[in-house]
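For reference, the structure is listed below as structure tokens.
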Amino acid sequence: MLTIELSLPLDSKTSSAAGLAAWANAHHIRTDDGTIASAASITPGLSTIYLVAHQFAGFDVIPAGSDIHGIEVAVRRGSTQGRCRDAEVRLWQGDAALGDNKADLTAPWPATLTTKAYGGQNDPWGVADLADRVASPDFGVAVRSIKAVAGPGGSFVDYIKMKIWYTPPA
């Protein structure tokens, strides 16, 4: 089995397919440098729109017909005084979410930037045809947060990275 190690996206965007609170500076999630994308003002009980990372570096070298065993997504995120938590963490293609929601729906995002991993070596996220998708520039992952506790502030994300485990065709 081979891996493409944790890779940063070459592109990012937001999508209003769900949620209400907008993300500012989505391009900051493409670097691991402490600069953040932020959703500064979220109404309690409501969520952000999708923050999407796509076109991951190195995924285009995975041979067609490979068996994708699993995907891990690492998100370095935080929230003001731990007031927000995951709403969705899902694979993404084009303008739509794919497969299983890997969000931790109970644990608050910490008040300082902390990396959380989702998925893993043997987790294809409920998507059967990953081999046909991963090399596409519009393949990626989308994150939404929800404000669970009243008070000022919102969510912030430093980076989103992705790792793939695969076996090339014989």
Taking the options R77, R85, name whichever one is farther than 19 Å from T35 by Cα and not acidic (D, E). R85
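Looking at this structure, is D86 among the acidic types (D, E) and either in contact with a His (Cβ under 9 Å, 6 or more places away or on another chain) or surrounded by fewer than 17 Cβ atoms within 10 Å (Cβ to Cβ) (or both)?
no
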All positions within the stretch 83-100 that are modelled with pLDDT of 95 or more and not in a strand (DSSP E or B): G99, D100
Please state which one of V141, V134 is within 16 Å of F59 (Cα to Cα), open to solvent by less than 20 Å² (accessible area, probe 1.4 Å) and not in a strand (DSSP E or B). V134
The residue that is nearest to the chain's Cα centre (by Cα), considering only those in the stretch 101-131 that are modelled with pLDDT under 95 and surrounded by 15 or more Cβ atoms within 10 Å (Cβ to Cβ), is L130
For residues that are of a type in the set (A, V, I, L, M, F, W, C) and crowded, with 19+ Cβ neighbours inside 10 Å, tally how many sit in the stretch 30-48. 4
Kindly list the number of the only condition in (1) small (G, A, S); (2) open to solvent by less than 10 Å² (accessible area, probe 1.4 Å); (3) more than 20 Å from F156 (Cβ to Cβ) that fails for S79. (3)
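The values are calculated or read from the model by the stated rules, or taken from the named source; none is laboratory data. The structure displayed is predicted, hence computed values, not measured ones. Cβ coordinates were reconstructed from backbone atoms using ideal geometry, including for glycine residues, and neighbour counts include every protein chain displayed. Protein only, heavy atoms only, side chains kept; ligands, DNA and RNA dropped before computing areas. Shrake-Rupley method; radii C 1.70, N 1.55, O 1.52, S 1.80 Å.
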